[in-house]
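> Below are the structure tokens for one structure; questions will follow.
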Amino acid sequence: MPRSSVLTTLLAAALPALAALVPAATAAVAAPSPIAPVPVPPPPALNAQEYILVDFNTGKVLAAKNADDKVPMASLTKLMTAYIVFSALKSGQLTLTTPVTISNAAWHTGGSRMFLNPGTQVTVLNLLKGMIVESGNDATVALAQKVGGTQAGFVTLMNDYARRLGLNSTHYEDVDGLPKPDHFTTARDLATLASDIIRDFPQYYFIFKIKQFTWDHITQRNRVSLLWTDPSVDGMKTGYTDAAGYCMVTSADRHGMRLVSVVLGAPSWNGRVSDSEALLNYGFNFYVNENVETARAVVARPRVYKSASGEAAVGPAQPVVLTVPRGPDATLSTRIVWSHWPLVAPLAAGAPVGTLIVTNGAGQQVHSTPLITLESVPTGGLFTQLADDIRLWF
């Protein structure tokens, strides 16, 4: 066939596709939702000096007061002790049945106690129960010595883990929370640590749900009293010293929505309970989690030039879940902003190609997440490449 005839054939194939070219770098995809922002009342007035309420799944802060003030943490210190022991269990350094010999130092520890006897051997699981359920300082010291060699060595681990977890306003000087001048944290850091425990160690979180524990014929109740009065509450930890006041970190799950509250510096035992309950009720009453997109869901199939398939499956790598005010009358919408256009093969799986923008009913952007190719897009044959070269000229 003469060269002019080949060119004519290619042009004829290209012309019908010209109208399909994407003219802009953005594209909108409407996604009506039954949940959307509505006016929400301010958080309840609390007596606690510092507090924060966070959605576990999204990290959204629903209420806060003085959440970044550095304050004493009392026995909430034991949350970090638990995190490190859980890490040792997960790595195989320990098992729940590993025996721990109780030292004189553990036995002599003051404050809340599990009432351990020196020289005896106690399993890691029972020591964790003693530390978490009974807030036993003796159990805490025994675990710290087992994992860190010495209490000082374990404190070094605590500060290392604090840096790894992004707890930039937290510093530890002991393992159990007895007062020290440079031992402090913030409500925000404690919410982060509590969420990390739940997320990273679900296999051990059951210990925080235990309502009471008996050791050596002595039964002690979990000091998180909301475990008895609110069935959605499943942990986590209390603390008290004169300097810290009454403190409590609480987690609750209602219908798949989990909230974490931190109350610090409450004036009384009942005050930390009522403040925690008020925060949780506020969050559950006025907010809800909206699943906008699941992980790796196909949200668009844009044209890919010079490809064998002619298109790419595009979606978010992670689920898109938003915590939004309750309300039946507005909508959430999504639109796509392409990072470049046109898309041309080859494209590797996981290649970033755009951003999914989520807006509320008022048209305000409330979230964005990267979009990637969900599978590789190989180059097509010679004819496809030549035809798309001509289309791209236009």
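The values are calculated or read from the model by the stated rules, or taken from the named source; none is laboratory data. This structure is a prediction, so every number in the text was calculated from the model and none was measured. Here the Cβ is made from the backbone with ideal geometry for all residues, glycine too, and neighbour counts use every protein chain on show.
> Does at least one position in region 283-294 carry a residue that is in contact (Cβ under 8 Å) with a residue 24 or more places away in the chain, surrounded by fewer than 17 Cβ atoms within 10 Å (Cβ to Cβ) and more than 24 Å from the chain's Cα centre (by Cα)?
no
> Please give the number of the condition residue 314 fails out of (1) surrounded by 14 or more Cβ atoms within 10 Å (Cβ to Cβ); (2) modelled with pLDDT under 90.
Evaluating residue 314 over (1) surrounded by 14 or more Cβ atoms within 10 Å (Cβ to Cβ); (2) modelled with pLDDT under 90 leaves (2) as the failure.
> Among the listed residues 131, 158, which satisfies the condition of being touching a Phe, Trp or Tyr at 6+ places or on another chain (Cβ under 6 Å) and either of a type in the set (Asp, Glu) or in the same structural domain as residue 204 (by TED's automatic domain parsing) (or both)?
Values: 131 fails: touching a Phe, Trp or Tyr at 6+ places or on another chain (Cβ under 6 Å).
Residue meeting the stated conditions: 158.
> When you go through 81, 123, 95 one by one, which is the residue that is of a type in the set (Val, Ile, Thr) and over 22 Å from residue 161 (Cα atoms)? It would help to see each step written out before you state the result.
Details: 81 fails: over 22 Å from residue 161 (Cα atoms); 95 fails: over 22 Å from residue 161 (Cα atoms).
Unique residue meeting the criteria: 123.
> Can you name the residue in region 300-310 that is among the hydrophobic types (A, V, I, L, M, F, W, C) and surrounded by fewer than 20 Cβ atoms within 10 Å (Cβ to Cβ) and is also nearest to residue 393 (Cα to Cα) among such residues?
Quick first cut of region 300-310, residues among the hydrophobic types (A, V, I, L, M, F, W, C) only: 300, 304, 308.
Adding the requirement that they be surrounded by fewer than 20 Cβ atoms within 10 Å (Cβ to Cβ) leaves 300, 308.
Values: 300: 25, 308: 19 Å.
Only one residue tops the list, namely 308.
Conditions (1) in a loop (DSSP other than H, G, I, E, B); (2) touching a residue at least 24 places away in the same chain (Cβ under 8 Å); (3) touching a Leu at 6+ places or on another chain (Cβ under 8 Å); (4) within 18 Å of residue 184 (Cα to Cα), marked per residue:
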| site | (1), (2), (3), (4) |
| --- | --- |
| 81 | no, yes, yes, yes |
| 89 | no, yes, yes, no |
| 110 | yes, yes, yes, no |
| 130 | no, yes, yes, no |
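> Oh, and also: If only one of 264, 227 is surrounded by 24 or more Cβ atoms within 10 Å (Cβ to Cβ) and either in the same structural domain as residue 66 (by TED's automatic domain parsing) or free of Cβ contacts under 8 Å to residues at least 12 places away in the same chain (or both), which one is it? Steps first, please.
Values: 227 fails: surrounded by 24 or more Cβ atoms within 10 Å (Cβ to Cβ).
Residue meeting the stated conditions: 264.
> Would you pick out the residues in region 233-290 that are acidic (Asp, Glu) and part of a helix (DSSP H, G or I)? Outline the logic, then answer.
Applying the first criterion (acidic (Asp, Glu)) to region 233-290 yields 234, 242, 253, 275, 277, 290.
Within region 233-290, 275, 277 qualify.
> Would you check which residues across region 147-175 are assigned to a loop (DSSP other than H, G, I, E, B) and more than 25 Å from the chain's Cα centre (by Cα) and list them? Explain how you work it out, then say what you get.
So in region 147-175, the residues assigned to a loop (DSSP other than H, G, I, E, B) come out as 149-150, 165-170, 172-175.
Answer for region 147-175, where residues must be assigned to a loop (DSSP other than H, G, I, E, B) and more than 25 Å from the chain's Cα centre (by Cα): 149, 150, 173, 174.
> Among the residues of region 261-278, are any under 17 Å from the mean Cα position of the chain (by Cα) and at pLDDT 95 or above? If you could, list the steps in order and put the result at the bottom.
Going through region 261-278, the residues under 17 Å from the mean Cα position of the chain (by Cα) turn out to be 261-262.
Still in the list and also at pLDDT 95 or above: 261-262.
Yes, because at least one residue in region 261-278 is under 17 Å from the mean Cα position of the chain (by Cα) and at pLDDT 95 or above.
> Just checking, which of 140, 120 is under 25 Å from residue 209 (Cα atoms) and not small (Gly, Ala, Ser)? Spell out the reasoning first.
On the way: 120 fails: under 25 Å from residue 209 (Cα atoms).
Just one listed residue meets the conditions, 140.
> List, please: which pairs have Cβ atoms under 9 Å, are six or more places apart or on different chains, and start with a residue in region 187-211 that is more than 25 Å from residue 63 (Cβ to Cβ) and without any contact (Cβ under 8 Å) to a residue 12 or more places away in the chain and end with one that is acidic (Asp, Glu) and surrounded by 19 or more Cβ atoms within 10 Å (Cβ to Cβ)?
What qualifies is 206/234.
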